Structures are given as structure tokens and as C-alpha cells.
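The values are calculated or read from the model by the stated rules, or taken from the named source; none is laboratory data. None of these values were measured; they are calculated from a predicted model. FYI the Cβ positions are ideal-geometry reconstructions off the backbone, even for glycines, and counts take in every protein chain you see. The accessibility values were calculated without ligands, DNA or RNA, using every heavy atom of the protein model including side chains. Shrake-Rupley method; radii C 1.70, N 1.55, O 1.52, S 1.80 Å.
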Amino acid sequence: MRFTITREDLLRPLSLVAGVVERRQTLPVLSNVLLEVRDTQLALTGTDLEVELIGRTAPHHVDEPGSATVPARKLMDICKSLPERTDITFTLEEGRAVLRAGRSRFTLSTLPVAEFPNIEGSQSDTTLTLTRGTLKHLIDATSFAMAQQDVRYYLNGMLLEFGHHLVRTVATDGHRLAVCARSAEVDVEPAQKLIVPRKGILELARLLDGSDELVELTIGGTHLRAQTGDFTFTSKLVDGKFPDYERVVPRGGDKVVIAERGELRQVLSRTAILSNEKYRGVRLNLEEHNLRVTANNPEQEEAEENVSVEYEGDTLEVGFNVGYLVDVLGVLDADRVQMTLSDPNSSALLEEPGGGDAMYVVMPMRL
């Protein structure tokens, strides 16, 4: 195995592929990245047995095809530390990988290629295409609400729904819910629902941008595969039943508040500084044309802010985890936000005024 490649051509796919590789592994070979050179193409593969990412790039010269596995982090650190536009020559010598660049030489250990696991794609059932921009928007609008290390394992990921000209993403951690739907040129009958684990969603998001380039999604019985540009992403699916999120969305709230999104976010962020560090609770006092936000903590410190809002109705006092509200205001696209409430014990519904493609539900707190 011997090939020559520029630092930049190697570093771009390597940095994405290495992101999948976990630092602490049960199997030593999972700390490595698999390099395979054939004809005029170099393929790099990283996996943690749950998520797999393959990136492809073109070397300058391929003198001898072959394959090897080398430590992912060390290879990436070496590439990053070399000067820009350096040519790197990679050879396999006596079971070790040797990198030569200018007057530098690095020798890396390898592990047998046969030990490197391969996530087998099941017989694909459904294939569909979306633009990168659509999929990125859907993920960005909801991913913050995914649970982390929850015992309800099916919450540690995102629900993807594909139906008749519609794609929907849903995430919840039990305290808040994020739903985003967009029409798309897809037609899946009957509708498919799948839960992609948290890490898979975060790695897939790194491959996407706002462009109109296409992503080909293949839905198997146990896997989701995405092909875009020079990358092939595969993730195992979470085997579980996602909660019926429709039942959580509050209906019939009679107190509708409209505020400037940026201003409200700043007010909440400032008030949060003096909230209880453990519970992060703030009080919202709603009165005509005004929203008073207050917070205090065990040190007897207090914050109070007033913000002008569009509201005519009865007064209401309700408590929320301020972090949950700030997260929602951070991902909403619109300049203004509409909050619908009914009483101090009911969840708040946040969305763009008049609706939009995303809606967010935040449960109240007892303060």
C-alpha cells in the first residue's frame, strides 16, 4: 500500500470520520480508522458499532492499492500539525504505517484489517431523497430537545417520520418537546417512523449544509443509511416505541402572548444569571401589554425584568426552567414568537405567530 495525498484532501474527510470514533473503546480496533486505496480513490471508515461513516477522497498518486487501520486521533493530529498544502506519502512497511511529509517522518502502529467491523446494511426497504438544506433544518430545529442518557432509551434520539410529501422530526426529554415538519418530494406508503440515536443525529448533522444538494436516505429494518457527496453515513436504529407526542401538545390555550424573539431571549438569559443554579427556574408574570420575568436563588439574590408584549387578558403567573425557553428561542427562525398558555399548571406552546413548520412544548415548574 502506497499513495500520496495533500494534507487538505486527507484532513477534510478524516476530521468528519474521526468524529465517529470514540476515545475509550472496548475493542482496540475501534479507535482506528480504516484506510482503503483502490484505483484513484481513498476511502476512510470510522465506526463505534452504532454509527459508521465512510468518507472518500482522491489521492495524487496511487502506487500500490491496499488497506490498513491506523489510530484515528493520532493520524488527525499529525495532519493538523503539518504546514498547509503539504504532500503526505503514506506507505505500509513491515506491518506499520509510515507517513512522510517534507523532512518529517511518522511511524504509526496498525491493527489487522480483518478485525475492523462492518455495519451490514439490511436489505433496503425504502429509498428516498431530500435536499441537505431540508434535512439540516429539520434536525437543527429539534435536536436540542433530545434526551441524554435517559433510562427511557427511546428518548435518547430523534423520531424521523416519512409520509406522503411530508418529513417530520420529533425530539423530547420528557420536560420539553420539539416538532418540525416540512413538505418534501417524498412519498412513503405506509408512513415510516424510525428512532435514530442521539450520536447518529449529531454526526449526520455535521455532514449537512443549507444547500440544495441531495441526500439519499435508505431505510432498512434496523439501519438508516444516508449518502451525500463523498460520504456514506450509517446508523443503527433504536428499537423502541416513541411516545405519542400528539397527546402532549396543549390545545385550547386562551392566553396568547406575542413578543420580540431576540429581546425576550436576552431578558431570559439575563434573569437566569440569578436563578437557582440547580433548578434554573424563572417566574413569568403576565399582565396586559407587559411580561415581568423574575428569578431568585438561595443566596437571596433577585433579578427582575419587564418586556413589552402583545397581550390582552387576565393576569397569570407561571414558572419555567429558563434554559428550556432560551433553547427554543435560539432555534426559532422568526423575528417574533407566539406563546400560548392556559393556566399555571399547563404546558406552554411556543411557535411562530400564526404557526409555522415548528412547534415547541415546555412543561411548567412549581416555584
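Remarks
- Count of region 95-114 residues, restricted to those that are touching a helix residue (DSSP H, G or I) at 6+ places or on another chain (Cβ under 7 Å) and either open to solvent by 80 Å² or more (accessible area, probe 1.4 Å) or aliphatic (A, V, I, L, M) (or both), is 3.
- Conditions (1) within 17 Å of Arg23 (Cα to Cα); (2) within 24 Å of the chain's Cα centre (by Cα); (3) assigned to a strand (DSSP E or B): number failed by Arg73: (3)
- Enumeration of residues in region 344-364 that are touching a Gly at 6+ places or on another chain (Cβ under 8 Å), closer than 18 Å to Thr142 by Cβ and open to solvent by 30 Å² or more (accessible area, probe 1.4 Å): none
- In this structure, Leu341 qualifies as under 26 Å from Thr172 (Cβ atoms) and either open to solvent by less than 20 Å² (accessible area, probe 1.4 Å) or among the β-branched types (Val, Ile, Thr) (or both).
- Identity of the residue in region 153-175, part of a loop (DSSP other than H, G, I, E, B) and farther than 22 Å from His223 by Cβ, that ends up most open to solvent (accessible area, probe 1.4 Å): His175
- Test: Arg270 is out of contact with any Ser or Thr (no Cβ under 7 Å at 6 or more places or on another chain) and either modelled with pLDDT under 95 or not polar (S, T, N, Q) (or both): yes
- The residues on offer are Thr315, Thr271, and the sole one that is among the hydroxyl-bearing types (Ser, Thr, Tyr), open to solvent by 30 Å² or more (accessible area, probe 1.4 Å) and farther than 23 Å from Gly174 by Cα is Thr315.
- Of all the listed residues (Leu49, Leu92, Leu35, Leu44), the sole one being hydrophobic (A, V, I, L, M, F, W, C), in a strand (DSSP E or B) and surrounded by fewer than 20 Cβ atoms within 10 Å (Cβ to Cβ) is Leu92.
- Selection of region 243-257 for residues being surrounded by 14 or more Cβ atoms within 10 Å (Cβ to Cβ) and hydrophobic (A, V, I, L, M, F, W, C) yields Val248, Val256, Val257.
- Yes/no for Gly330 being in a loop (DSSP other than H, G, I, E, B) and either in contact (Cβ under 8 Å) with a residue 12 or more places away in the chain or touching a Phe, Trp or Tyr at 6+ places or on another chain (Cβ under 7 Å) (or both): no
- Residue within region 281-288 that is touching a strand residue (DSSP E or B) at 6+ places or on another chain (Cβ under 9 Å), open to solvent by 40 Å² or more (accessible area, probe 1.4 Å), farther than 21 Å from Val179 by Cβ and touching a residue at least 60 places away in the same chain (Cβ under 8 Å) present: yes
- Total residues in region 194-243, condition assigned to a strand (DSSP E or B) and either hydroxyl-bearing (Ser, Thr, Tyr) or out of contact with any His (no Cβ under 8 Å at 6 or more places or on another chain) (or both): 21
- The set of residues in region 260-280 that are assigned to a helix (DSSP H, G or I) and either of a type in the set (Lys, Arg) or within 16 Å of Asp327 (Cβ to Cβ) (or both) comprises Arg261, Gly262, Leu264, Arg265, Gln266, Val267, Leu268, Ser269, Arg270, Thr271, Ala272.
- Among the candidates Pro71, Pro117, the residue that is surrounded by 13 or more Cβ atoms within 10 Å (Cβ to Cβ), touching a Leu at 6+ places or on another chain (Cβ under 8 Å) and under 15 Å from Leu10 (Cα atoms) is uniquely Pro71.
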